[in-house]
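Structure first, then comments.
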Amino acid sequence: MNGITLFAPELTVVATALVVLLIGLFLNTESKKVLGYLASAGLFASLVLTLMNLDANAVMYSGTLTVDALSQFFKIVFLIVALLVSVASIKYTENNEHVEEYFTLVLLAVVGMMMVASSNDLLVLFISFELASISTYALAGFERRNLKSLESAMKYFIIGALSSALMLFGISFVYGLAGTTNIPEIAQNSAMLVSSPLGIVSIVLLVAGFGFKIALVPFHMWAPDTYEGSPSVVSSLLAAGSKKMGFVAAFKVFMIALVALKTELTMAFAILSVITMTLGNVIALSQNSVKRMLAYSSVAQAGYISMAFVVMSPMAITGGLFYILSHGFMKAGAFLVTAVVGYMILSENREAENVDHLENFKGLAKRMPISAFSMMIFVFALAGIPLTAGYMSKFVLFSSTIEAGLVWLAVIAILNSAISLYYYARVVKYMYFYPAEGERVSEPLPYALTLIAAVVGVLILGFWPEPFIQWAMEAANVLIAT
Amino acid sequence: MLPVLSMLILVPLIFAVITFFTKTKEQARTTALTGSVISLVLALYMYMNFDSSIASLQFVEISKWVPSLGITYSVGVDGVSMPLILLNAIVIPFLIIYSWNEENPYPNRFFGLILAMQGAVIGVFAALDFFLFYVFWELTLIPLYFMVSQWGGPNKDFAAIKFFIYTHVASLVMLLGIFALYFTAWSQTGSPTFNIQELLTQFQSFEAPLVKDAIFIALLFGFIVKIPTFPFHSWLPDAYTESPIAGNVLFILLKIGGYGLFRIMLPILPFTGTPNLMISIMAVLGTASIIYGAFVALSQRDFKRMIAFASVSHMGFVVLGSAGLVSLSVSGAMFQQFSHGLILSVMFMSVGVIQTNAGTRIINQLGGLSKKMPKLALIMVVVFMASLGLPGLTGFVAEFLVLTSSYVNLPGYVLAVMIGIVITAAYHLWAMQRSMFGVYNEKLGDVKDLTNYQSLSMAVISLLVIYFGLNPNPVLDMMITNSEHIVSLLSVAGV
């Protein structure tokens with residue numbers, strides 16, 4: 001009986017998705033604006049319901065689903081990101097005839113992510129993963145008259161399909177060896193995994209499968225093209241939401257199910273995370289498209305977060321989780337700013353191309369002060385400037401590597417973080433120190449609201465991290481204890 | 001009681017934000033001046049109520065911040081930090097007055113950055129928690145970076161980036177040291193804390209000498225790059241040369257590197273695995289800076305670059321005095337920080353005036369300026385004499401204390417420094433002679449003297465140079481109290 005109450009958040013989102021789709025049929029294009037409000041309301045309700053059940057702890061439906069501190073943590077991250085994206089999308093989808101499809105896809109993607117966070121069985125995990133993936137493939141190509149958007153969707157789809165295949169293949173090996181797809185039971189039968197060389201094969205396949213979603217080097221090639229080509233609001237959902245889904249899946253599979261193969265994992269992740277953060281930061285240095293720069297920075301951030309898999313101490317996982325929460329605000333916010341800038345450029349010139357070019361950020365402080373200020377906070381947070389969420393998370397995560405005696409890893413991460421300052425500061429310079437080339441434009445209300453909400457999030461996490469760190473610790477304990 | 005110290009950090013920061021949002025130059029400079037004057041009043045109030053006879057921390061404020069990681073918001077001052085806070089609070093208002101009428105495309109940001117810098121620097125001096133310390137430490141980078149990259153000279157972008165990356169990397173090395181200190185202490189006591197005093201005490205009982213040395217070197221690296229000492233000074237000439245004058249003064253007031261030596265390095269120095277090696281490292285770096293800085297300054301054509309190297313040379317005394325490890329040499333080093341802040345501020349302001357009024361700051365292209373600029377010449381004579389160490393001025397007090405007392409432990413180094421002192425006198429006098437005295441260079445045309453705003457601010461600081469030169473006790477007393485406390489740790493360690 002508990003199941004229904006505990007899954008109320010997911011059910012709310014599903015119901016909202018269906019209602020939005022249905023109502024959309026009967027509305028004309030002008031009045032479809034209401035669908036955006038409806039979707040946002042649904043997400044908000046779901047967020048409230050999740051918050052009410054924060055301390056829940058249960059395994060349900062024949063052990064296929066679980067609700068614990070970890071799943072609740074990720075669900076809240078997903079819902080916050082989705083809420084930001086959906087409110088911003090109210091403006092983005094204005095006067096579009098496919099509003100209902102857009103919001104339905106967003107909502108279904110979120111359900112997929114939330115189910116991944118709750119899954120306790122590899123098959124459920126895979127199906128939820130696919131639900132989220134397929135919805136986002138379609139979202140990436142939402143601007144169907146924009147060649148770049150279509151290209152990005154195509155690339156994302158093909159590579160995503162490949163990664164799903166690899167992941168499924170890996171799961172099949174695990175099933176073959178352990179005789180079950182239930183995550184805790186796999187952990188109990190881990191002897192089979194360790195003794196067989198196929199255990200390593202399954203790990204390689206699973207790392208590849210999740211690595212695509214997380215955008216770890218060398219599985220990252222799709223990310224810059226997709227983030228650049230997709231509508232900015234969708235990029236925001238991909239970078240801040242869908243990527244985290246990869247992380248929660250990886251946390252569950254590697255830290256609970258395959259923990260017996262820890263030593264192999266540690267080395268693999270150490271190499272992957274170092275390459276990922278270095279490559280992401282170095283390539284980001286030379287980007288002139290802000291979205292592409294953010295995409296590479298997102299690759300680099302994935303590298304930092306992956307350090308949690310290397311260290312695997314409670315402190316590291318707390319840091320990784322806290323980083324995921326902060327990253328949700330920072331990255332979602334930064335992509336939303338590019339959406340606002342795109343709106344500004346397109347409202348002047350319908351035919352404009354490359355709207356996210358750095359040139360278009362010139363003098364943004366004069367043209368759209370709220371967006372410029374928010375962007376400054378987001379990039380400073382991403383760079384890890386003190387008193388922002390990014391600093392706090394880097395502080396916890398990087399210090400945990402020292403605790404574990406991996407000084408070399410901390411040194412590499414810290415040097416990377418120093419490099420990244422250069423390209424982040426460049427955006428601020430363009431916004432604040434170059435003369436404006438256009439009139440002042442006032443931000444549409446939905447955009448302004450989401451930006452302010454994300455800024456507040458980033459600053460609260462930076463100034464007053466205590467409760468969130470406690471909360472991340474509880475979530476981390478779920479992974480450690482089992 | 002009022003949280004005076006927190007107010008002293010917050011007032012400049014709040015006024016910085018207000019200044020950013022002002023519309024006109026008039027509003028910007030008035031707001032900034034108001035903010036800095038309030039800070040000055042607060043700092044003077046603290047100074048009046050400060051007890052120089054005790055070495056413990058005063059005006060302490062502690063509140064919880066992130067208990068699960070042992071992070072607290074704790075601030076306080078003692079004889080090490082009080083004079084430096086006072087220095088900042090005194091110079092900043094006069095810096096704003098000095099910049100009162102300067103041409104400036106973005107006055108709101110310019111004055112805002114000055115105040116932001118003041119808040120951040122005072123924050124570093126007041127912080128008693130490593131986390132807070134590091135936050136403020138890093139915050140000081142941002143205003144300086146923008147100061148150089150926006151208002152700087154022709155090569156500003158390069159200089160700003162070089163400064164930023166160089167010192168940022170050094171800070172990150174320091175951060176590694178802090179982490180190591182934090183975790184080693186955590187595993188020792190079982191509870192996390194970032195409290196500086198607590199961690200420094202814990203350091204004494206760490207077991208592995210290698211860990212202790214590694215922590216010490218990592219922290220030391222962060223500080224000596226910031227000071228900077230030879231051979232880690234190469235960011236400084238570029239940054240100082242390209243920076244606007246206000247930026248130069250802010251750089252000069254950025255005494256956080258030297259402060260780190262007194263607050264963090266000296267208390268743990270006796271407990272490292274190889275204290276004698278560490279002392280030698282510091283003494284060598286200090287001596288090399290003094291001599292190297294002096295020689296390079298002698299060969300400079302650009303006035304500002306000359307002062308930049310003079311600064312490297314002067315800061316060498318801070319490091320040498322710390323390594324001297326006698327109470328008077330350490331207080332001499334502290335006093336050198338204070339005195340250097342006053343003297344070099346005025347020296348940079350003078351060069352700024354020469355640059356704008358005569359159109360160049362290449363020393364050989366000047367000449368006989370005293371005929372057209374008598375007021376500037378008078379002020380420059382005072383600060384140049386102070387800078388080369390003429391008795392009766394602050395520079396002498398500091399260098400005398402450092403040299404005579406360091407001789408006890410480091411006689412060889414002190415003898416070597418004597419060469420540097422001769423050169424120091426030479427380049428100061430030679431630069432003055434070529435630029436201010438002699439035949440007036442007619443190519444310069446009609447050169448104006450100081451404006452009233454400039455004379456006011458430069459004269460007041462120069463008077464302070466004379467005042468503290470004749471009567472250093474108001475700040476020296478508290479420095480001696482604290483350096484005695486620091487040096488007493490030596491006997492605890494049995495070094």
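A short reminder: the numbers here are calculations on the coordinates, not readings from a lab. On a predicted model such as this, the values are computed, not experimentally measured, just so you know. Don't worry about glycine lacking a Cβ; one is built from the backbone with ideal geometry, like all the others, and counts go over all protein chains shown.
In table form, for the structure just shown:
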quantity	calculated
Distance between the stretch A:177-205 and the stretch A:7-68 - C-alpha centres, whole angstrom	35 Å
Three-way shape label, the stretch A:146-297, alpha-carbon gyration tensor, a/c 1.5	prolate
Cβ-placed point charges (K, R +1; D, E -1), dipole of chain A about Cα centre in debye, nearest 20	640 debye
Cβ charges +1 (Lys, Arg) and -1 (Asp, Glu), total dipole of the protein assembly as shown, debye	1720 debye
Cα gyration tensor, the stretch B:367-436 - rounded (a/c under 1.5), prolate or oblate	oblate
As computed over chain A, the Cα convex hull volume per residue (Å³)	122 Å³
The stretch A:88-157: GluC sites (Glu not before Pro) in DSSP loop, at most 14 other beta carbons within 10 Å	A:GLU97
Span from the the stretch B:327-367 Cα centroid across to the the stretch B:13-68 one, whole angstrom	25 Å
Burial ranking of peptide ranges A:277-288, B:331-342 (average Cβ count within 10 Å, highest at the top)	B:331-342, A:277-288
Spin-label model distance (nm) - B:LYS64 vs B:LEU415, 7 Å beyond Cα toward Cβ	6.0 nm
Rg over Rh [alpha-carbon atoms, Kirkwood Rh] for the protein assembly as shown	1.02
Over the stretch B:274-495, relative contact order from alpha-carbon pairs under 8 Å, at least 6 apart, %	29 percent
Relative contact order %, the stretch A:2-481, counting alpha carbon pairs below 8 Å whose residues are six or more apart	15 percent
With at most 14 other Cβ atoms within 10 Å, longest stretch of chain B clear of loop GluC sites (Glu not before Pro) (DSSP)	B:208-495
The stretch A:100-208: C-alpha gyration tensor shape, a/c 1.5 cut-off, then a/b vs b/c	oblate
Overall Cα dimensions of the stretch B:52-114 - principal axes, largest extent first, Å	48, 36, 12
Inter-centroid distance (Cα atoms) of the stretch B:405-452 relative to the stretch B:215-288, Å	23 Å
Furthest towards positive pole of dipole, A:TYR343, A:ILE305, A:VAL290, structure part chain A, Cβ charges	A:VAL290
Per-residue mean of C-beta atoms belonging to partner chains within 10 Å, peptide A:395-402	5
Neighbour-count ranking [beta-carbon atoms within 10 angstrom, fewest first] of A:SER190, A:SER347	A:SER347, A:SER190
Stretch gain in nm, segment A:ILE158-A:ALA436, where the contour uses 0.36 nm per residue and the Cα spacing is subtracted	96.0 nm
Residue exposure sequence - A:PHE173, A:PHE210 - by fewest surrounding Cβ within 10 Å	A:PHE173, A:PHE210
Order of B:SER387, B:SER483 - criterion: other Cβ atoms within 10 Å of each residue's Cβ, fewest first	B:SER387, B:SER483
Kirkwood-based Rg to Rh ratio, chain B, C-alpha trace	0.96
Dipole of chain B [Lys/Arg +1, Asp/Glu -1 at C-beta], most positive-end residue of B:PHE251, B:SER299, B:GLY332	B:SER299
Sequence-distant residues sharing a close amide H with A:HIS357 (under 5 Å, placed H)	A:VAL290
Value in Å of the Kirkwood radius, where the stretch B:162-204 supplies the Cα pairs that are averaged	11.2 Å
Chain B, relative contact order in percent, only Cα pairs under 8 angstrom and at least six apart counted	16 percent
